[in-house]
Amino acid sequence: MRSLQVGSDETQSECYHKGLPEFVAGATRLESVYLACERFDTFEVFAASLDRLRELHIHCQDDYPTQILADNPSFASLHTLAFHPHSFHAAANTFNEAGAYLSVTDIRAICESPHMKRLEHLQLNCCNAGEEGIDLLVNSGLIHRLK
């Protein structure tokens, strides 16, 4: 299997699949992963060995451990990365202090990754990185690779 899509789009997250991270990690020939569903362990997906993966879309989550993703050498072929977090879940309590699921720390992890040198498409919705995030994109040189 080269492509996996679970869920319809970043605004619809009614699906929930308990074994999804294990399934993704075991599907080592995947080239494209599009997950728009709630309550799965993103850590497991970001730590998986997916050497052929070129596109990764993770939507409707409230935890994006981008440092795990950035440190994973198997994401060297990744050219598209897209995140659209879920709306606020009070019980999850994973908002950062500034009120966003994605922050400048996440952009820094992506920009400084020694492995994601082929990244050409980056979408980070609901991110509060502001000017500091833009500076990171520019100063890291990533901005010149993005299309």
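Assess whether SER140 counts as being under 15 Å from the mean Cα position of the chain (by Cα) and either of a type in the set (A, V, I, L, M) or at pLDDT 95 or above (or both). Considered against the rule, which asks whether it is under 15 Å from the mean Cα position of the chain (by Cα) and either of a type in the set (A, V, I, L, M) or at pLDDT 95 or above (or both), SER140 comes out as no.
Among the residues of the stretch 121-146, the ones that are out of contact with any Cys (no Cβ under 6 Å at 6 or more places or on another chain) and outside any loop (DSSP other than H, G, I, E, B) come to 17 in all.
The residue that is modelled with the highest pLDDT, counting only those in the stretch 17-43 that are within 14 Å of ASP62 (Cα to Cα) and among the aromatic types (Phe, Trp, Tyr), is PHE43. Against the definition (surrounded by 17 or more Cβ atoms within 10 Å (Cβ to Cβ), of a type in the set (A, V, I, L, M) and more than 12 Å from the chain's Cα centre (by Cα)), how does LEU50 come out, yes or no? So LEU50 passes the test. Scanning the stretch 26-40 for residues that are under 29 Å from VAL104 (Cβ atoms) and in contact with a Leu (Cβ under 8 Å, 6 or more places away or on another chain) yields a count of 6. The residues on offer are HIS57, HIS89, HIS115, and the sole one that is part of a loop (DSSP other than H, G, I, E, B), out of contact with any Cys (no Cβ under 9 Å at 6 or more places or on another chain) and modelled with pLDDT of 90 or more is HIS115.
Assess whether PHE46 counts as being at pLDDT 90 or above, within 23 Å of ARG2 (Cα to Cα) and of a type in the set (Phe, Trp, Tyr). Criteria met by PHE46.
Consider the stretch 121-147. How many of its residues are charged (D, E, K, R) and over 13 Å from THR80 (Cα atoms)? The total comes to 3.
The values are calculated or read from the model by the stated rules, or taken from the named source; none is laboratory data. Since the structure is predicted, the reported quantities are computational estimates derived from the model, not experimental observations. In this analysis, Cβ positions are derived from the backbone assuming ideal geometry, glycine residues included, and neighbour counts consider all displayed protein chains.
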